[in-house]
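Some notes on the structure that comes next.
The values are calculated or read from the model by the stated rules, or taken from the named source; none is laboratory data. Bear in mind the structure is a predicted one, so any value in this text is a computation, not a measurement. Virtual Cβ from ideal backbone geometry, glycine too; neighbours counted across all protein chains shown.
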Amino acid sequence: MKEKLQRTPEGLFSLMRRHPYLLTILLCGLLLPFGLADRANITAASCIYLGVVLGAISVAAVFVFHLGRNRSEKLLLCGILIACITASMLTIGFVKNKAFAIAIIALIVAAAAVLFIRFNYQINDTLIIAVLIALGIAIRFVYVLYTGVVDRQHDVGDFTSTIGHAGYIKYWYENGLKLPDFDVRSYWQYYHPPFHHWTMAALLKLLTMLGVSFDKASEAIQILPMLYSSLTMIVSYRVFRMVKLKGNPLIAAMAIICFHPTFIIFAGSFNNDMLLMLFMMAAILWGLRWYREPVMRNIIPLALCIGLGMMTKLSGWMVAPAVAFVFLIVLIKNIKKPLKYIGQFAVFGIICVPLGLWWQVRNLLKFHIPLTYVPDLGSNSVMYSGNMPLAQRLFSFGNGQLDFVYGSITFVGAPYNEYNPTLGLFKTAMFDECANSINDVHFPQIHVTGPILFWISVVLFLISFVCFIVSMIRKSDSMNGIERLYFSITFAVILVSYYLFCFAYPLSCTYNIRYAMPLIPLCAMGLALVLQRSESSQKPIATWLRRAMYALCAAFCCMSYVVYTQVAATM
């Protein structure tokens, strides 16, 4: 047994380390035909397809990555895997609630995989994080299966109309890349830069060309936001590794990202928020890489990330101040030989500025639309709270606001309209606030588990917020002072921009985590950095505090999976 525990499936781990993005794209692509990502179309043929795909992957993995000591053991393992997959597909096929069945089976498969490797190989960080990411993809897919075009969406509408994000996607689907010859303010949501809507329309066109009906294909393109959410896990992992996180602190940070409800919810959203989040995290990653190695091959991806982020949604600019800061620092450090860096900055500008601003500049010149145009619902909206005192909106946490822990808007069954931006962050991070939102009015089965998840998340976020500040102030071996300022500026710009946006547009729908999503991985990173620093302390109180924090992270992840599996139970 001792010899077994020293072995590791290095082929598999090496592939995951070198090609995580391609593997994630491949997995999401393979999931697409399974009912075309729509709960209404999960047929017997869908289950057979998924079983064949999973069986082929399992058999290939056994032989390619040498899982098993000899041929007989490999064949036995293949037989066991195929039997388990067949049983799982039969269960999904015969159970009425297929999304719920997939969530449960994913847990069982993950547990079985961990046990198998535990008794045959050495458990390490890579294995645990791989399992967390796989379960993260599974719960995202489950959410996609029970979430349609009109379910829990933001400003989407539907594909039968010409307005909302769905109408905007349909416009590009029908017109190709022909730019609108009308004032985009005349159609709801058409003011957004088009990159996300182009990708959705392109997949929609591809599927219909392959013979898929428009209705089925319009549901299926939801796989793209799911892919963006899944890739965000990988990018976050790369950021965490850049700041030298490892061991249990790294696992805790990744667990928060994999199971955070925000990334589950927006994996099923047809709007552009999840793609923007992916580009912003990628820009944070490449900005740090460029600072550590300021060469052309690092500044070009950085320019693409910021430019494409702004071409997805203009708020992609929020990573730019921190990037500009590191540009300035590197230039000052090399002021005697500046041409190399001035040339890189010129290339950055040539790529980033046209990508990020061409849409806004065109609309300004052609239709006199302000560069920073945002539609204003005005003071007549039922969600308007601008007539309340600012002090009450900022500092009032009473008056029954915490009796209803879900995103609160009266026209979706909530008891009042949200008016506190801070509470809006906490609530929408767990349950969102859109039509038919996740709450115990629409889903009574989460009456107990929903509030438990909410209060665990509040405690975890407040601790993580403090840990982020502490880790940015204190010196460490993982980051120098400039890098800590880089993260601090990014965090401050996003948080301050969120509150300024809430003041400018005081509406319940404004108080939403979707306008500040990068705060989640940054807080998770701060928590992990403090935990890692405390690993060197052998004091009993430090040991117990670490255990308490790991337990809190575990409870948060478990409750998130439970709540979003419970919601699937009624679909």
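For this structure, a couple of remarks:
- Any hit, the range 384-391, residues being outside the structural domain of MET296 (by TED's automatic domain parsing) and in a helix (DSSP H, G or I): yes
- The combined condition, being crowded, with 17+ Cβ neighbours inside 10 Å and not in a helix (DSSP H, G or I), is not fulfilled by GLN122.
- Conditions (1) assigned to a helix (DSSP H, G or I); (2) surrounded by 24 or more Cβ atoms within 10 Å (Cβ to Cβ): number failed by ILE300: (2)
Residues are listed down the side, and each one gets a yes or a no for (1) at pLDDT 85 or above; (2) assigned by TED's automatic domain parsing to the domain that holds PHE279; (3) aliphatic (A, V, I, L, M):
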{"residue": "VAL347", "(1), (2), (3)": "yes, yes, yes"}
{"residue": "ARG362", "(1), (2), (3)": "yes, yes, no"}
{"residue": "LEU365", "(1), (2), (3)": "yes, yes, yes"}
{"residue": "ASN399", "(1), (2), (3)": "no, no, no"}
{"residue": "THR410", "(1), (2), (3)": "no, no, no"}
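- Residue match in the range 182-200 (condition: within 29 Å of GLU535 (Cβ to Cβ) and in contact with a Leu (Cβ under 9 Å, 6 or more places away or on another chain)): no
- Residues (under 22 Å from VAL150 (Cβ atoms), aromatic (Phe, Trp, Tyr) and surrounded by fewer than 20 Cβ atoms within 10 Å (Cβ to Cβ)) located in the range 196-236: PHE214
- Any hit, the range 502-523, residues being among the hydrophobic types (A, V, I, L, M, F, W, C) and surrounded by fewer than 17 Cβ atoms within 10 Å (Cβ to Cβ): yes
- Matching residues in the range 427-448 - criterion: being crowded, with 19+ Cβ neighbours inside 10 Å and either at pLDDT 90 or above or touching a helix residue (DSSP H, G or I) at 6+ places or on another chain (Cβ under 7 Å) (or both): LYS427, THR428, ALA429, MET430, PHE431, ASP432, GLU433, SER437, ILE438, ASN439, PHE443, ILE446
- With respect to the conditions (1) in contact with a His (Cβ under 6 Å, 6 or more places away or on another chain); (2) surrounded by fewer than 22 Cβ atoms within 10 Å (Cβ to Cβ), VAL156 lacks only one, and its number is (2).
- Counted residues, the range 232-245 - those being touching a residue at least 12 places away in the same chain (Cβ under 8 Å) and over 23 Å from SER457 (Cα atoms): 4
- Considering VAL295, VAL330, the condition of being surrounded by fewer than 22 Cβ atoms within 10 Å (Cβ to Cβ) and in contact with a Pro (Cβ under 6 Å, 6 or more places away or on another chain) is satisfied by VAL330 alone.
- Within the range 372-420, considering residues that are closer than 18 Å to PHE431 by Cα and of a type in the set (Asp, Glu), the one surrounded by the most Cβ atoms within 10 Å (Cβ to Cβ): GLU418
- Tabulated pairs, the range 219-231, first assigned to a loop (DSSP other than H, G, I, E, B), second among the small types (Gly, Ala, Ser), C-beta under 7 angstrom, 6+ apart or interchain: GLN222/ALA37; GLN222/GLY268
- Single residue of the range 162-197 satisfying the filter (charged (D, E, K, R) and under 18 Å from GLN360 (Cβ atoms)) that is farthest from the chain's Cα centre (by Cα): ASP181
- Single residue of the range 510-528 satisfying the filter (part of a helix (DSSP H, G or I) and hydroxyl-bearing (Ser, Thr, Tyr)) that is nearest to PHE468 (Cα to Cα): TYR515
- Meets criteria (surrounded by fewer than 21 Cβ atoms within 10 Å (Cβ to Cβ), in a helix (DSSP H, G or I) and at pLDDT 80 or above) for VAL114: no
- Residue within the range 400-410 that is of a type outside the set (Val, Ile, Thr), touching a Cys at 6+ places or on another chain (Cβ under 8 Å) and over 21 Å from MET318 (Cβ atoms) present: yes
- On the stretch given as the range 161-177, residues that are modelled with pLDDT of 95 or more and part of a loop (DSSP other than H, G, I, E, B) total 0.
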